[in-house]
Amino acid sequence: MSNKRRILLIDDEEIFTQLLKANLEATGRYTVQVENQGSLGLAAARAFAPDLILLDVVMPDIDGTQLAMALQADPKLQGMSIVYLTAVASSRSPQASALRGQTVLAKPVATEEVLACLERITRKLERDADSGVLSSEMAPSVELTQEEG
Amino acid sequence: MFVFDPGQYALSLYALPTAVTTVLVLVLGIAVLAQEWRSPVGLVFFCVTLAIGIWQFAFSFMYCATTPPVALQWAKLAYLGVPFIPVAIFHFTVAVLRRYARYQRAIWLAWITSAACAAAILNTDLLVAGVYRYWWGYYPRYGWLSAPYLIYFFGLMIFSLRLFWVEHRQTIPGTTHWHRTRALLIAFSIVYLGSFDYVAKYGVAFYPFGYIPVCVFVVLLARVLWRYRFVDITPELAAKQIINTMVNPLMVLDREGLIRIVNTASCQLFGKSEVELVGHPVAAAHPAFLSPDDLHALLKQDRVHDYELMLPMTPHGTRVVSLSASVMRDQRQEPMATVCILTDVTERKRAEQELQRAHGDLTQSHEELKSAHLQLIQAAKMESVGRLAAGVAHEVKNPLAVILQGVDYLSRRINGDGDATLVLRHTADAVRRADSVIRGLLDFSTSRELELSAEDLNNIVEQALLLVKHELDRSHITLLKRWSERLPRVYVDRHKMEQVFVNLIMNAIQAMPAGGTLAIRTSTKRLTAAGHDVGQRGEDRFKVGETVVVAEIEDTGPGIPEKFLEKVFDPFFTTKPTGKGTGLGLTVTKKIIELHEGMIGVENRAEGGVRVTLTLKAKAGQGDEQ
């Protein structure tokens, strides 16, 4: 089994996802699965069983924060680490309250910023695994800091 | 009495002209009396016609008398009128020529003399001694008293004629008065022809045609009356009435400054009677009214218009009086008197001041309204910019994200190509710049919402410094911190206030690209003096005596050109090089501070660089700790 971390990237921006996937996979540390249809995100997550999900917030068919709730509610995916990728930066947006306290990467985001964030979470996951804490008990699994600069 | 006995008379044709003349003369006299009603001239003229009328009336009956005694009685009765003819004409002349002041005594003397003559004639035979019988009828016969009587009679007549003559010569040709005196001169010259009637009184059978010049006289006078009237309504005639009817106070001062004439309005203005004013120095009217120096200056100037004087009047307060004066000169053009006309302009002045004040208020209100309107427009514009930004942010940020990822992708692929790497780095910078503009707009549009909590400002500044530490280090900037201990807490939105300090510190860092010193101080202050935005009114942001927390951020950069100081808070105004600033940082900062009901001031320091001062209200109940 590869020791690459499995990332599920759910975003409706096709080119963005392809470029980010290429840039992340170029590091050799990640396997990235792309899903451009938000509504298929839950199924894709179940099928792919990622270590971490990069999730867009505003998508035409589903709201990213709602999808996150569905993901969290799924028994197979409970405790899943989710990093929001969003072009929404207004505190007046409907998703603002749901995003408060979550790990958020604001678009446009450079690959190195995404990598830094992924590394931090990955290290945490590894630390938790080493200490024997079940991933399902990692509550809350998402970081409480905001990555936006 | 035998004079009433019709048997003593016989109808005579010679009596007819005199009878007609009587009627004409009396009709004229009554007409003049009616037209010149209440005028002394009209009354005197009526006396002239009455005297002539009596003469002609009595002579008509005398001509019809058939016996000498009856004729003598009528001859004497005629002298109830005849001696009064010269005095009435003299009086009339003086009245028309307005020489009363000079001839008043002469007039009275003449009337008395005439009355004495009349009495002598009626009661004695000294003047009318008897009657002659001529072919036209009986006629008076004069006695020895006729000599002085005729001297008196003709002397007075000639004197009157001379007065007319002199007046006529001195009058400017073509004027009404000139026409009038000429016509009167002719009329009286003609009526004097009636004097030939005296010839028959000395026994010469010279027909007394006196009624003819009298009739001509009547016609001429009627014409004068019709065309020119006897007297103009001149200032001299009505002077007293005019000046007393005037609403404006009038005062005539002589060269020595003594009051000579005042009118009723003047007396009312100064609250003094005519007796208290006339003959007294002008200061008697009011101590503040025309000093001797003022009067001297006035005499030099010839005329003054609307010279305003303040006259304190107890208990009516100060009256504002406008003075217009002109100098009256004698024939040698020497100043004779000063005519002052005053206008009480107190109410007008008050109204003008009120109007001016109202105008000032209105202008100020208009300016404020205009400024508020502009602010509203600006706010509305920025609001829509903000809303638009929020709306398009998502649509713009996604393509930017694609570009940035594309740049990263290409950077990996073209490893080693220096130019391409540089282009890609510039592209990435451009993306970040575009992103920062959008972020600024979003900050601007969202800065109305505050999550307030009691915070320590020192702590907030420390947090902001952490966020910019990297930039500080990179620019080799020395940081000087001076925190006030026991700083009262402030009620602020922590994140927004952090944003404020990050913006201000970043501005300071960018102002010192080659390094410098950034000094940040916090302090507590109790406001003591009223200044901008500090006052006692409800709408003032801060009140005197209020405790405030002050933060000062100073840099050692080049400062801001004075002409830009007022613009630094304007949206999209920036002095930074293109790409370095969005022009929204200070706009957002100010907006956040204003939302916290605080103040922000930007100034150049005397020693160079900029000082930004933030003033925030201390949380209630905490100010007294300091």
Angle, helix B:40-64 long axis vs. longest principal axis of chain B, Cα atoms, 0 to 90°, nearest 10? 20
Can you sort A:Ile62, B:Ile212 by solvent-accessible area, 1.4 Å probe, largest first? B:Ile212, A:Ile62
Restricting things to alpha carbons, find the Rg to Rh ratio for chain B using the Kirkwood radius for Rh. 1.52
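Apply 1/(1 + (r/R0)^6) to the Cβ-Cβ distance of B:Thr363 and B:Arg98, taking R0 = 60 Å, and write down the FRET efficiency to the nearest 0.05.
Values: r = 59 Å, r/R0 = 0.98.
Once the sixth-power term is evaluated, E becomes 0.50.
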Let's test the formula: R0 of 45 Å, r as the Cβ-Cβ distance of B:Leu43 and B:Gln301. What FRET efficiency results, to the nearest 0.05? 0.50
Please list, in order along segment B:422-433, the HN-Hα scalar couplings obtained from phi with the Karplus expression 6.51 cos²θ - 1.76 cosθ + 1.60 (θ = phi - 60°), rounded to whole Hz, x for Gly and Pro. 5, 4, 5, 5, 4, 4, 5, 4, 4, 4, 5, 5
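Express the Stokes-Einstein translational diffusion coefficient of segment B:240-344 in µm² s⁻¹, to the nearest whole number, given a Kirkwood radius over alpha-carbon pairs, 10 °C and a viscosity of 1.306 mPa s. Don't skip to the answer; put the middle values down first.
Numbers: Rh = 13.8 Å.
Using the Kirkwood radius from Cα pairs, D works out to 115 µm²/s.
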Report the one residue of B:Val252, B:Phe564, B:Ile593 whose Cα lies farthest in the direction of the positive end of the charge dipole of chain B (charges on C-beta: Lys and Arg +1, Asp and Glu -1; origin at the Cα centre). B:Val252
What whole-number distance in Å separates the alpha-carbon centres of segment B:69-95 and segment B:290-363? 58
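Antiparallel as a % of all DSSP beta bridges within the protein assembly as shown, to the nearest 5?
Numbers: 61 of 87 bridges.
Approximately 70 percent, going by the DSSP bridge assignments.
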Only residues of segment B:50-77 count here: report those whose backbone N is under 16 Å from the spot 7 Å along Cα→Cβ of B:Ala205, or say none. none
If the cut-off is 29 Å between C-alpha atoms, which lysines fall inside it for B:Lys349, apart from same-chain ones fewer than 8 positions away? B:Lys272, B:Lys300
Sequence-distant or interchain residues sharing an amide H contact under 5 Å with B:Phe206, placed H: which? B:Ala200
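Find how much the distance from B:Leu193 to B:Leu388 grows on full extension, using 0.36 nm per residue of separation minus their present alpha carbon separation; answer in nm with one decimal.
Values: separation 195, 0.36 × 195 = 70.20 nm, distance 11.61 nm.
Stretched fully, the B:Leu193-B:Leu388 segment lengthens by 58.6 nm.
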Could you state the number of Å between the C-alpha centres of segment B:104-171 and segment B:177-193? 20
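Using a Förster distance of 45 Å, how high is the FRET efficiency between B:Met336 and B:Ala119, based on the Cβ-Cβ distance and rounded to 0.05? Spell out each step's value before the answer.
Details: r = 47 Å, r/R0 = 1.05.
For R0 = 45 Å, the calculated efficiency reads 0.45.
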Built amide H within the under 5 Å cut-off of B:Met313, gap 5+: B:Thr318, B:Arg319
With unit charges on the beta carbons (Lys and Arg positive, Asp and Glu negative) and the dipole taken about the Cα centre of segment B:240-344, which residue among B:Val275, B:Gln301, B:Ile242 sits farthest to the positive side? B:Ile242
Interchain or long-range residues, amide H under 5 Å from B:Arg489's placed H: B:Lys619
Coordinate range along principal axes, alpha carbons of the protein assembly as shown, Å, largest first: 185, 54, 52
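Any idea what the dipole of the protein assembly as shown comes to, in debye rounded to 20, about its Cα centre with Lys/Arg Cβ at +1 and Asp/Glu Cβ at -1?
On the way: 78 positive and 80 negative charges, 967 e Å.
Magnitude of the dipole: close to 4640 debye.
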To the nearest 10 degrees, how steeply does helix B:146-170 sit against the main Cα axis of chain B, on a 0 to 90 scale? 30
On a 0 to 90 degree scale, rounded to 10, what angle separates helix B:346-413 from the longest Cα axis of chain B? 20
Among the listed pairs B:Lys381/B:Lys590; A:Lys124/B:Lys397; A:Lys107/B:Lys496; A:Lys4/A:Lys76, give every one whose C-alpha distance is greater than 27 Å. A:Lys124/B:Lys397
Dividing the alpha-carbon radius of gyration of segment B:167-306 by 2.2 N^0.38 Å (N being the number of residues), what value is obtained? 1.78
Among B:His286, B:Phe57, A:Ala87, which residue has its Cα furthest toward the positive end of the charge dipole of the protein assembly as shown, with +1 on Lys/Arg Cβ and -1 on Asp/Glu Cβ? B:Phe57
Proximal aspartates and glutamates relative to B:Lys563, as straight alpha-carbon distance under 17 Å, when same-chain residues fewer than 8 apart are discounted: B:Glu603
Over all directions, segment A:1-60 yields a Cα convex hull whose mean projected area in nm² is 3.9
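Ratio of alpha-carbon Rg to the 2.2 N^0.38 Å globular estimate for segment B:79-181, to two decimals, please.
Details: Rg = 16.9 Å, N = 103, 2.2 N^0.38 = 12.8 Å.
With N residues counted in segment B:79-181, Rg over 2.2 N^0.38 Å equals 1.32.
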Can you list the lysines whose alpha carbon sits under 20 Å from that of B:Lys525, skipping same-chain ones fewer than 8 residues off? B:Lys481, B:Lys543, B:Lys617, B:Lys619
Summing -39500 (n - 2.57) over every DSSP H run of at least 4 in chain B, dividing by its residue total and rounding to the nearest 500, the 222 nm mean residue ellipticity is -18000 deg cm²/dmol
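How big is the dipole moment of segment B:240-344 about its Cα centre under a simple scheme where the beta carbon of each Lys and Arg is +1, that of each Asp and Glu is -1, and everything else is neutral? Debye, nearest 20, please. It would help to have the intermediate numbers written out before the result.
Working: 9 positive and 12 negative charges, 38 e Å.
Using only the charged Cβ atoms, the result is roughly 180 debye.
Sort segment B:1-134 into rounded, prolate or oblate with this rule: let a ≥ b ≥ c be the square roots of the eigenvalues of the Cα gyration tensor; rounded if a/c is under 1.5, and if a/c is not under 1.5, prolate when a/b is larger than b/c, oblate otherwise. List each step's numbers first, then the result.
Working: a/c = 3.26, a/b = 1.64, b/c = 1.98.
Oblate, because a/c is 1.5 or more while a/b does not exceed b/c.
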Could you run the Karplus curve 6.51 cos²θ - 1.76 cosθ + 1.60 with θ = phi - 60° over segment B:606-612 and give me ³J(HN,Hα) per residue in whole Hz, x for Gly and Pro? 4, 8, x, x, 10, 10, 10
Might you report the magnitude of the Cβ-based charge dipole of chain B about its Cα centre, with Lys and Arg at +1 and Asp and Glu at -1, to the nearest 20 debye? 2320
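The values are calculated or read from the model by the stated rules, or taken from the named source; none is laboratory data. Because the structure is predicted, anything quoted here is derived from the model rather than measured. Cβ atoms come from the backbone with ideal geometry, glycine included; neighbour counts cover every protein chain shown. The protein model used for the area step is the full one, side chains on, heavy atoms only, and it has no ligands, DNA or RNA in it. Shrake-Rupley method; radii C 1.70, N 1.55, O 1.52, S 1.80 Å.
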